[in-house]
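Below is one structure, written out as structure tokens, with a few remarks after it.
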Amino acid sequence: AQSVTQPDIHITVSEGASLELRCNYSYGATPYLFWYVQSPGQGLQLLLKYFSGDTLVQGIKGFEAEFKRSQSSFNLRKPSVHWSDAAEYFCAVGLVGGYQKVTFGTGTKLQVIP
Amino acid sequence: DGGITQSPKYLFRKEGQNVTLSCEQNLNHDAMYWYRQDPGQGLRLIYYSQIVNDFQKGDIAEGYSVSREKKESFPLTVTSAQKNPTAFYLCATRLSMNTEAFFGQGTRLTVV
């Protein structure tokens, strides 16, 4: 069964510092990969997605992620964090070729300090 | 204005009562999903539906029921058989297979 691991439950960074959120997946084939962001009490918003092609994908709000097949990873990065980036971030993996579930990691809560 | 509407945003119920959460979409998406979110556990799939009049159980379907009589609507009923119903419930849609999921704003259910 597919699974997603986000090893960091909480991360604190200073405003203006760089950010990397880790995501590892377990799946028997090439999956679809996603990063979502959630503000407290809200739904999830898609930041970026990887389906195929270029392994470095650009998303909204200045985020990017790199798919590394050899490491089964899809880490999210941002060169300079803004206070408004404080939120919870979820990595997710989807099954190619079907409507079946998208599996989510347990999330990483980002705190930004001034 | 296209989107996914979940209502109500907050819902309180007494233990032992059934309650129905609404999810309506005007995106013309084929697939609809219900997820449950608990702190530290990510999102867990309850049910999903690919087409009208068809739905499949997810990982934690026990104590829940759904219907898909219209493409736009996918209501979730939390029954008295659900042991720990207090949670944040999220509805999502997908245009077709191999596309990303879009989420509603969620319903927070509290059972007292």
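The values are calculated or read from the model by the stated rules, or taken from the named source; none is laboratory data. Just so we're clear, the structure is a prediction, and the values are computed from it rather than from any experiment. In this analysis, Cβ positions are derived from the backbone assuming ideal geometry, glycine residues included, and neighbour counts consider all displayed protein chains. These accessible areas exclude ligands, DNA and RNA; they are computed on the full protein's heavy atoms, side chains included. Shrake-Rupley method; radii C 1.70, N 1.55, O 1.52, S 1.80 Å.
Take the residues of the stretch B:57-105 that are free of Cβ contacts under 8 Å to residues at least 40 places away in the same chain and at the interface with another protein chain (Cβ under 8 Å from one of its Cβ atoms): which is most open to solvent (accessible area, probe 1.4 Å)? Selected residue: B:59.
Looking across B:42, B:63, B:104, B:58, one residue alone is in contact with a Ser or Thr (Cβ under 9 Å, 6 or more places away or on another chain) and either modelled with pLDDT under 95 or charged (D, E, K, R) (or both). It is B:42. Do we have any residue at all in the stretch B:22-29 that's of a type in the set (Gly, Ala, Ser), surrounded by 15 or more Cβ atoms within 10 Å (Cβ to Cβ) and within 14 Å of chain A (Cβ to nearest Cβ)? There is no residue in the stretch B:22-29 that is of a type in the set (Gly, Ala, Ser), surrounded by 15 or more Cβ atoms within 10 Å (Cβ to Cβ) and within 14 Å of chain A (Cβ to nearest Cβ). Residue B:43: over 21 Å from residue A:37 (Cβ atoms) and buried (at least 16 other Cβ atoms within 10 Å of the Cβ), yes or no? Spelling it out, it is not the case that residue B:43 is over 21 Å from residue A:37 (Cβ atoms) and buried (at least 16 other Cβ atoms within 10 Å of the Cβ). Scanning the stretch B:17-60 for residues being under 21 Å from residue B:7 (Cα atoms) and of a type in the set (S, T, N, Q) gives a total of 9.
Only one of the numbered conditions (1) without any contact (Cβ under 8 Å) to a residue 60 or more places away in the chain; (2) closer than 26 Å to residue A:6 by Cβ; (3) more than 11 Å from the chain's Cα centre (by Cα) is not met by residue B:31, and that is (1).
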